[in-house]
Amino acid sequence: MDGADPHIHVEQSVTRDDARVRNLLAGTFGLVGDLPGTVTTGCGLSVPYAMTSGRPESVTCLTCREHGRTQHLGLAEQIERLGSMPGTVITGAQMSQVAEHHRDLARRFAGECGPTT
Ligand SMILES: [Zn+2]
């Protein structure tokens, strides 16, 4: 066992924590994940699900914060690409809202408060 790890991590697949995206992706790709007891973190550890958080302010592992930032940025772009695909059941406005939500999370993971770059 790796003993007492005081850090809060993010799950490697941060999107699983977000019900909105989970539903969105499930509807689009048929991907649904059950919440497991143990998860792989952004920094490659295996920890109990309770030791992870989807809220940037709660994540104390620096590697995981960086991982979360990258994940959410990538997800925002992915969502926007989906939004421009014909035949999608979700409206562009909904997509933008979800994408912006993830941009915001990415900023919070980075510890930024305002829009930069
Ligand atoms: Zn970590």
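The values are calculated or read from the model by the stated rules, or taken from the named source; none is laboratory data. Model, not experiment: these values are computed from the prediction. Methodologically, a virtual Cβ is constructed for each residue, glycine included, from the backbone with ideal geometry; neighbour enumeration extends over all protein chains shown.
Limited to the stretch 53-75, what total is found for residues that are surrounded by 19 or more Cβ atoms within 10 Å (Cβ to Cβ) and β-branched (Val, Ile, Thr)?
Of the residues in that region, 1 qualify.
When the stretch 39-68 is examined, which residues are found to be away from the ligand (no atom under 13 Å from the Cβ) and charged (D, E, K, R)?
Within the stretch 39-68, Arg55, Glu57 meet the criteria.
Answer yes if at least one residue in the stretch 31-38 is of a type outside the set (Asp, Glu), touching a strand residue (DSSP E or B) at 6+ places or on another chain (Cβ under 8 Å), within 13 Å of the ligand (Cβ to nearest atom) and at pLDDT 85 or above, and no otherwise.
Keep residues of the stretch 31-38 that are of a type outside the set (Asp, Glu), which gives 31-33, 35-38.
So of that shortlist, the ones also touching a strand residue (DSSP E or B) at 6+ places or on another chain (Cβ under 8 Å) come out as 37-38.
Within this subset, residues satisfying the condition of being within 13 Å of the ligand (Cβ to nearest atom) are none.
No, there is no match, as no residue in the stretch 31-38 is of a type outside the set (Asp, Glu), touching a strand residue (DSSP E or B) at 6+ places or on another chain (Cβ under 8 Å), within 13 Å of the ligand (Cβ to nearest atom) and at pLDDT 85 or above.
State which residue pairs qualify: first residue closer than 21 Å to Pro6 by Cβ and inside the stretch 59-83, second residue small (Gly, Ala, Ser) and crowded, with 22+ Cβ neighbours inside 10 Å in any location, beta carbons under 6 Å apart, and separation of 6 or more residues or different chains.
Cys64/Gly42; His67/Gly42
Limited to the stretch 39-48, what total is found for residues that are more than 19 Å from Phe109 (Cα to Cα) and either at pLDDT 90 or above or surrounded by fewer than 18 Cβ atoms within 10 Å (Cβ to Cβ) (or both)?
Within the stretch 39-48, the subset more than 19 Å from Phe109 (Cα to Cα) is 39, 46-48.
Those still in the list that are either at pLDDT 90 or above or surrounded by fewer than 18 Cβ atoms within 10 Å (Cβ to Cβ) (or both) too: 46-48.
Residues meeting the conditions: 3.
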